[in-house]
1. Can you name every residue in segment 143-154 that is modelled with pLDDT under 90 and in a loop (DSSP other than H, G, I, E, B)?
2. Is one or more of the residues making up segment 94-103 farther than 30 Å from residue 53 by Cβ and either under 24 Å from the mean Cα position of the chain (by Cα) or assigned by TED's automatic domain parsing to the domain that holds residue 229 (or both)?
3. Which is at pLDDT 95 or above, within 30 Å of residue 227 (Cβ to Cβ) and of a type in the set (Asp, Glu), of 111, 136, 132?
4. Could you grab me the full set of residues in segment 155-166 that are of a type outside the set (A, V, I, L, M, F, W, C) and either crowded, with 16+ Cβ neighbours inside 10 Å or outside any loop (DSSP other than H, G, I, E, B) (or both)?
5. Looking at (1) within 20 Å of residue 327 (Cβ to Cβ); (2) assigned to a strand (DSSP E or B), which is the only condition residue 93 fails?
6. Examine segment 68-81 for a residue that is within 18 Å of residue 191 (Cα to Cα), surrounded by fewer than 20 Cβ atoms within 10 Å (Cβ to Cβ), among the β-branched types (Val, Ile, Thr) and in contact with a Cys (Cβ under 8 Å, 6 or more places away or on another chain), and state whether such a residue exists.
7. Pick from 176, 186: which is at pLDDT below 95 and either surrounded by fewer than 20 Cβ atoms within 10 Å (Cβ to Cβ) or in the same structural domain as residue 322 (by TED's automatic domain parsing) (or both)?
8. Given segment 233-338, what strands (runs of 3 or more DSSP E) lie entirely inside it while holding 2 or more residues that are surrounded by 15 or more Cβ atoms within 10 Å (Cβ to Cβ)?
Amino acid sequence: MSSDSKYKLEYIWLDGYLPEPNLRGKTKLVDKAPKTVEDCDLWGFDGSSTQQAEGKSSDCVLKPVALYPDSSRKNGFLVMCEVMMPDGKSPHPSNFRATVGEDPDLWIGFEQEYFFTENDRPLGFPADGFPEPQGEYYCGVGYKHMGDIARQVVEEHLDLCLDAGINHEGINAEVAKGQWEFQIFAKGSRKVGDDLWMARYLMLRLAEKYALGVEFHCKPVKGDWNGSGMHCNFSTKFMREQGGEPYFTKLMAAFEKYANEHIAVYGPDNHLRLTGLHETQSIDKFNWGVANRGASIRVPHAYVNNGHKGYLEDRRPNSQADPYKIVSRVLKTIQSVG
């Protein structure tokens, strides 16, 4: 049988490691190219190797939920999966996608920051000491400030994601040496989590080729260096079409009321990043401000000028957070306002 008649389906899921999961993947060979995710069968894996089961009862089930073309492989597809219990119907306790309420009118954009690393140090950092202080790295250009291969990897990753149908809205070098960002936007409460996890997977897999690490921890370099966030830009149909200052006031009161619940799912070690410095509010405080990058919630000028209609930016989530958990919490808080 010719290799042209086989199709490679990379089944991808989140493991049970804490405080945040890792991505896992394995390839299933099939004879027919899937046209939709419904064409992808349930599959299984050894949960005892992923912190999701005991060895005496190790079967876990993979339920395909999203399908993407994979331009890096001949006849390749990427299959995002939820982890289910052996009955194939009950969500596994590690399956936080199942906690996200369905809302097709929720629009979410995430700004995913991360560091490239080499030999366990941010790319471009000398073996001893530090590079030049922050200043010229953000959206910079040139070998001196941007390093040797970072931009090549970033550009290749962008093309892989676009080929997969993931809606990138931008990429840029960030404030610290070796730090970059990509932005993803999606309509629908679950789709943005699928797309962001898949974009992370593609970045991690691509970095293997260049012998680079990808560090999603929110504060990999201590001291006077920016941490990594994953700002969450969100709007509902009501916010976009009706809005109004009274509703905005109620919404901000709800976000303040549930501030601790938000922080609990906004990524590990966030106290290292949310210090009140480096464009953040302190982790134990909540505030909002128009165009204020040091606020918990940044309110765009356009939102106010448009009669308090449009989107808002929650700047507290960090780069390692699970987007499914973030969306689930944001949606619950919005729904509490009514």
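The values are calculated or read from the model by the stated rules, or taken from the named source; none is laboratory data. No experiment lies behind these values; they were computed from the predicted model shown. Every residue, glycine as well, gets a Cβ built from its backbone with ideal geometry; the counts of neighbours run over all protein chains shown.
1. 147, 148
2. Scanning segment 94-103, I find at least one residue that is farther than 30 Å from residue 53 by Cβ and either under 24 Å from the mean Cα position of the chain (by Cα) or assigned by TED's automatic domain parsing to the domain that holds residue 229 (or both), so the answer is yes.
3. Only one candidate qualifies: 111.
4. Correct list: 155, 156, 157, 159, 163.
5. Status for residue 93: all satisfied but (2).
6. no
7. After applying the criteria, what remains is 176.
8. Counting at least 2 such residues, we get 297-299, 312-314.
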